[in-house]
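Worksheet: the structure to be examined is printed underneath.
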Amino acid sequence: MIKFFRNIRQRLLSENKFSKYLLYAIGEIILVVIGILIALQINNWNEFRKNNTTESDYYCRLLEDFELDRQNIKRLSEESDYKIKKSKALLLELPKKDKSKEYLIDNYIQGLRTNAFVPSKVTILDITSSGKLNLIKNDSLKKTLIRYYAELDNLIYQLDLNRNHSIERAFAYEDDNQVGFQYADYAKASLGDEIMATLPIDNWHLDKSSTVYKQFQNDLVFFVLMSNREKQHFKKILDQMQPVYNQLKNLCH
């Protein structure tokens with residue numbers, strides 16, 4: 001093709017047909033420009049198509065992260081219900097003085113034990129760290145996402161704070177051996193009978209005036225309140241998530 005055009009130019013020049021050569025040269029330039037524009041348009045179209053595919057993929061990946069978070073929140077909310085149930089039962093059983101210290105300690109630990117909520121942020125971190133937030137062309141969704149993750153960070157901070165407060169209370173006793181944490185199943189198995197026999201025995205659970213008894217009782221009340229607070233935070237996260245979740249379900253194809 002290039003050789004064909006070169007031959008035409010040479011023939012026009014050899015025949016001294018300068019005006020025709022000039023028109024031909026202009027036409028050739030126009031063809032080149034058109035070719036470049038077509039190539040650019042094809043490149044832009046491919047880029048547009050690739051961006052649309054990436055955008056759609058992001059919507060589906062965000063939806064998967066939200067689904068995972070919803071499942072984790074459901075599980076953690078059930079754990080909160082379990083902790084509330086255990087702590088309330090223990091508050092009713094403690095004054096009866098008919099439960100062993102081992103039983104009280106084991107149930108106390110179950111009322112305390114909690115797992116942290118760690119949201120799935122893989123996709124949003126990928127979007128923001130790669131500078132591809134502009135690919136989300138739905139402005140309403142973009143604003144809602146930014147607002148949701150900002151609020152989520154605040155709620156997770158509150159959850160961690162409450163969780164740490166509960167754990168701190170378990171380590172606030174003046175004498176752990178006096179409380180009897182060594183009687184928990186996991187502790188007895190670790191220490192062994194020989195060491196257990198050397199540790200002091202304190203029957204604080206039979207004495208309502210004991211400072212340990214009062215602190216133990218107060219801890220159980222605190223666990224109930226904190227577990228209820230956890231559930232409120234989880235509900236708030238779900239409420240904040242719902243509008244974004246609905247939008248993503250409509251956009252993920």
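Annotations for the structure displayed:
- For the set Lys188/Lys208; Lys121/Lys235; Lys99/Lys188; Lys137/Lys236; Lys74/Lys121, the pairs lying more than 22 angstrom apart at their alpha carbons are Lys188/Lys208; Lys137/Lys236.
- Qualifying lysines (Cα of each under 16 Å from Cα of Lys85; at least 8 residues distant if same chain): Lys231
None of the figures in this text is laboratory data; all of them are computed from the coordinates on show. Keep in mind that this is a model prediction, so the values were computed, not measured.
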